[in-house]
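Below is one structure, written out as structure tokens, with a few remarks after it.
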Amino acid sequence: MLIVYLGLMIMFIEASKFSFVKELEANWEIIRDEFLALPNDSFDPWVQQQMHGQGWSVFGLYALGNRVEGACVKCPQTAKLVENIGGISLAGFSLLAPHTHITPHVGWANNVYRLHLGLVVPPDCRLRVASETRYWEEGKCLIFDDTAEHEAWNDSAQYRGTLMLDFLRSDICSFTEDMVPDDVRQYAEQLLKR
């Protein structure tokens, strides 16, 4: 579902429209500290490597709408903040290596919006959704329509980290109708067994 205003498709959604954003942004340093405390080998390369080569890795807290218990134990305050948000289908940390480009792609999740909360954001890190490009900021949320073509860059010499989550759109009751790609579903099922 794309939002249309005066004939223009709106791909980024105003974060202040969602009540839980204020709490996430108010607690971003707590979330960042749990993210930074994770050992590097806690992160898995994102399975759809055709989009990024070797530069994008993730640490999952929620997969297919379920808590990843072992991961949530390692990040209890973040898990509690995420748990307070209704309709979560996916949540975790996203780590983008220096000089990484996630090539243009379109997501599969028609029933959710995607949120990125900037945790560690060096200069020259940006996200393009459709024709609009924005820069991540530490402590600030970007919310967008994942079904629109998007791509991301980390042109810096440092890692970029965000909290990434998918949550149900306000007019949707379930995300079970989304067609999750097989490789993503298999990865999510493995996470839930850890």
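The values are calculated or read from the model by the stated rules, or taken from the named source; none is laboratory data. What you see is a predicted model, and the numbers here were worked out from it, not measured in a lab. Glycine gets a Cβ as well: all are built from the backbone with ideal geometry, and neighbour counts include every protein chain shown. When the accessible area is computed, the model is the full protein with side chains, heavy atoms only, and any ligands, DNA or RNA have been set aside. Shrake-Rupley method; radii C 1.70, N 1.55, O 1.52, S 1.80 Å.
Side notes on the structure shown:
Residue by residue, here is whether (1) of a type in the set (A, V, I, L, M); (2) over 19 Å from Q190 (Cβ atoms) holds:
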site: I31; (1), (2): yes, yes
site: D44; (1), (2): no, no
site: V58; (1), (2): yes, no
site: R67; (1), (2): no, no
site: C75; (1), (2): no, no
site: L81; (1), (2): yes, yes
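- Residue ID - farthest from G87 (Cα to Cα), chosen from residues in region 120-149 that are in a strand (DSSP E or B) and open to solvent by less than 10 Å² (accessible area, probe 1.4 Å): C125
- Residues of region 60-72 satisfying the condition of being in a loop (DSSP other than H, G, I, E, B) and either open to solvent by 40 Å² or more (accessible area, probe 1.4 Å) or on the phi < 0 side of the Ramachandran plot (or both): L64, V68
- Candidates in region 1-13 are the residues that are within 16 Å of W136 (Cβ to Cβ) and not aromatic (F, W, Y); of these, the one that is modelled with the lowest pLDDT is M11.
- Scan of region 92-116 for residues that are in a loop (DSSP other than H, G, I, E, B), open to solvent by 10 Å² or more (accessible area, probe 1.4 Å) and modelled with pLDDT under 90, ordered by number: V106, G107, W108, N110, N111
- Residues in region 73-91 that are among the aliphatic types (A, V, I, L, M) and not in a helix (DSSP H, G or I): 4 in all.
- Selection from region 49-107 of residues that are over 18 Å from V120 (Cα atoms) and β-branched (V, I, T): V68, V73, V82, I85, I88, T103, V106
- The single condition from (1) open to solvent by less than 20 Å² (accessible area, probe 1.4 Å); (2) more than 25 Å from Y135 (Cβ to Cβ); (3) of a type in the set (A, V, I, L, M, F, W, C) that L38 fails is (2).
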